[in-house]
Amino acid sequence: MKTTFQNPVNHILAIMLVFFLASAHAAGNDPARPSTPAQLVGRIVAVVNNEVITQFELNDRMRIVMQQLKKQGTPLPPQEVLEKQMLERIITDRVQLQFAKETGIRVDDLQLDKTLQRIAQENNMTVEAFRGALEKDGVSFAKFREEIRDEIILGRLREREVENRITVSDGEVENFLSSRAAQTGGEDEFNLAHILVRVPEQASPEQIQSKLAHAEKALAELKKVDFAQVAASYSDAPDALQGGVLGWRAASRLPALFLETVNGLKPGETSAVLRSPNGFHILKLLDKRSKGGALIVQKTHARHILIKTSEIASETDAKNRMIQLKERLDNGANFAELARLHSEDGSASKGGDLGWLSPGETVPEFERAMDGLKPGETSAPVKSPFGWHLIQVLERRSEDVSKERQTLMARQEIRARKADEAYENWLRQLRDQAFVEYRLEDK
């Protein structure tokens, strides 16, 4: 079952916090008084700007993560190490959620319900069945619902603050395609695991040395402990609790430092400690594969006539007009002339000519109808989100689109790499600007 857990901003926690604080106040806050279980659970373990994180929230996240690690077969890090790692992740999520709220990002209940329906469908369940499955695993549906809301908010925040600001120029694509990476490794893909020890943006020499020592200690641990366990214990990356696995990344999506390093590794090998502007890294190459060769697709040269529906032209009116035009074509009328006179598409001036179309370039309804025609044939009226069409296939050919694909993939991968790097920088700056007070050691 596909479930992803993010940091909740949960009204239940707020209510419980009020209850626990009230209990502490009623008890007189006597330092000599032994802490009750309720007081321990309600204890504040960190303050993030104007919000608190309680032991209850930390324990709840710890329970979920420990269940996930056990299911993955990953040995559990020491309790105190995992607790600190988990608290840092909650803080990072909280800082982002606070910024999102301050800058107007909201997800209403209707949008949230639609997302939950999609998640349930992806798991081949109804929403009610999915709810039952979660609760059977000990996960509150109300809590899961709010976690999904936060996950959507975090995604929108990243999109707005980072991804929408990324641009890839034609020059960057051309430089990449002509570079050594494109010639010798551009089609290679690497399955990587990663440990990141993040360094603050304006760290002092002492802080940098301390972080380096932390990274070197992690590297030493890898000689006797599984990589996933060390990642969960030492890494500051968001994927640390998934064993630090980055998954398959194309060569062009990797920073130059990473690509140069993994090109010198064999599957199963681990790098030395690497230094980047974000901090210290350790890479493990899990696997490597090559992609390439010709990509042959069938292209279709087609033309069409489009009649749109509107408040003035109803669905029935548009369809009837199409039926009449089809009758005229069947009786020998010229397709191009009818398209120039009647089509409501930008291609009308060219006689409806759409040029050579590759798979996926048109909406599914149009493509299905077009693919069912032989050269020279004209379709019956076809409905799509744009209106009603008459489609005529002129000719077909098979074509190697490897170069087109390489250009497209280069643009996508350069954009993804730049977005990853920009997000890390943005998140580090946001985190450094936040007021964070740790109270985990105040026991």
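Before moving on, here are some points about what is shown:
- Nitroxide proxy distance, nm - points 7 Å out along Cα→Cβ at GLU80 and ALA333: 8.5
- Using the empirical formula 2.2 N^0.38 Å as the baseline, the Cα radius of gyration of the stretch 296-400 reaches a ratio of 1.03.
- Cut-off 15 Å between beta-carbons: net charge of the residues surrounding LEU357, Lys and Arg +1, Asp and Glu -1: -3
- Relative contact order (percent, whole number), the stretch 338-443, Cα cutoff 8 Å, 6+ residue spacing: 12
- Of the residues LEU325, ALA240, VAL363, the one whose Cα sits farthest toward the positive end of the charge dipole of the chain, with +1 on the Cβ of Lys and Arg and -1 on the Cβ of Asp and Glu, is ALA240.
- Under 5 Å, built H, 5+ apart or other chain: amide partners of GLY279: VAL199
- Over the chain, dividing the summed -39,500 (n - 2.57) contributions of all DSSP H runs of at least 4 residues by the number of residues returns a 222 nm mean residue ellipticity of -15500 deg cm²/dmol.
- Lysines whose Cα lies under 18 Å from that of LYS143, excluding same-chain neighbours fewer than 8 positions away: LYS2, LYS114
- Rule-of-thumb Rg ratio for the stretch 351-402 [Cα; 2.2 N^0.38 Å; N residues]: 1.14
- Extent of the stretch 223-358 along its three principal axes (Cα atoms, max minus min coordinate, largest first): 81, 37, 26 Å.
- Compactness of the stretch 172-301 - radius of gyration and Dmax, Cα, Å: 17.3, 66
- Alpha-carbon Debye profile of the stretch 69-168, log10 I(q)/I(0) at 0.11, 0.13, 0.17, 0.24 Å⁻¹: -0.49, -0.67, -1.02, -1.19
- Shape class of the stretch 136-235 from the alpha-carbon gyration tensor: oblate, with a/c at 1.5 or above and b/c at least as large as a/b.
- Rounded to whole Hz, the Karplus (6.51, -1.76, 1.60) HN-Hα couplings of the stretch 223-235, x for glycine and proline: 6, 10, 10, 4, 4, 4, 5, 5, 4, 5, 8, 10, 7
- In the stretch 296-400, Cα pairs under 8 Å separated by at least six residues give a relative contact order of 44 percent.
- In the chain, the inverse of the mean reciprocal separation of distinct Cα atoms equals 26.5 Å; this is its Kirkwood hydrodynamic radius.
Since every read-out is calculated from the coordinates, none of them should be taken as a lab result. None of these values were measured; they are calculated from a predicted model. Reconstructed Cβ throughout: ideal geometry from the backbone, glycine too, with neighbour counts over all protein chains shown.
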